[in-house]
1. If you scan region 108-129, which residues turn out to be surrounded by fewer than 15 Cβ atoms within 10 Å (Cβ to Cβ) and without any contact (Cβ under 8 Å) to a residue 12 or more places away in the chain?
2. Can you name every residue in region 50-77 that is under 22 Å from Ser126 (Cβ atoms) and within 15 Å of the chain's Cα centre (by Cα)?
3. What are the residues in region 90-107 that are open to solvent by less than 40 Å² (accessible area, probe 1.4 Å) and within 16 Å of Tyr143 (Cα to Cα), if any?
4. Can you pull out the residues in region 44-89 that are at pLDDT below 95, under 20 Å from Val116 (Cβ atoms) and exposed (fewer than 15 other Cβ atoms within 10 Å of the Cβ)?
Amino acid sequence: MAHAAPTPGMRTPGTRAPSGTPSGADHTTDVFGERTHLVMKWAVPVALGLVFGYWAAANRRSAGPITGWNILFGFVAALAFIALYVGIRAVAPRTRREVHALMWAVFAGCAIGFLVNQSGSSVLYSVGVSLAVAAGFFAVMFYRYYTHEDAEGHRIE
């Protein structure tokens, strides 16, 4: 027979619920520990920022030679991306779900619009792509927050 291996906090037949919890309460399973979550809280924005900075610098040089100014531009773009990402991640969860989704949509749309603009495309094309990405991102994020939060932004469990 195939059974799931017990994990910390998981109740198995014949065991009692942890103290302070009702006997029938459901417990969410957390696969990773607190330290892993803390590391990933900072590793994800840094990794995404470095990819964004490299992408922006590569678009800007248009397959030309790599220069010091190009490298500096990539790192500045990465730092700006990281700062905005961390700022939105800190502020957005405190807002209503509509504003929460809108903040992430604007961030994603602006980031993609900036990358498209660095490739030498026209401003109208960059704005069009940016709006399309933002609209799609808003729809997905709003659906996610609408199905996982109540109207005040509290997570539904």
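1. Once the filter is applied, which keeps residues that are surrounded by fewer than 15 Cβ atoms within 10 Å (Cβ to Cβ) and without any contact (Cβ under 8 Å) to a residue 12 or more places away in the chain, region 108-129 yields Ser122, Val123, Leu124, Tyr125, Gly128.
2. Those that are under 22 Å from Ser126 (Cβ atoms) and within 15 Å of the chain's Cα centre (by Cα): Val51, Phe52.
3. Matches in region 90-107: Ala92, Thr95, Arg97, His100, Ala101, Trp104, Ala105.
4. Ser62, Ala63, Gly64
The values are calculated or read from the model by the stated rules, or taken from the named source; none is laboratory data. Just so we're clear, the structure is a prediction, and the values are computed from it rather than from any experiment. Positions of Cβ are backbone-derived with ideal geometry, glycine not excepted, and every protein chain shown enters the neighbour counts. We work out accessible area using only protein heavy atoms, side chains counted, and drop any ligands, DNA or RNA first. Shrake-Rupley method; radii C 1.70, N 1.55, O 1.52, S 1.80 Å.
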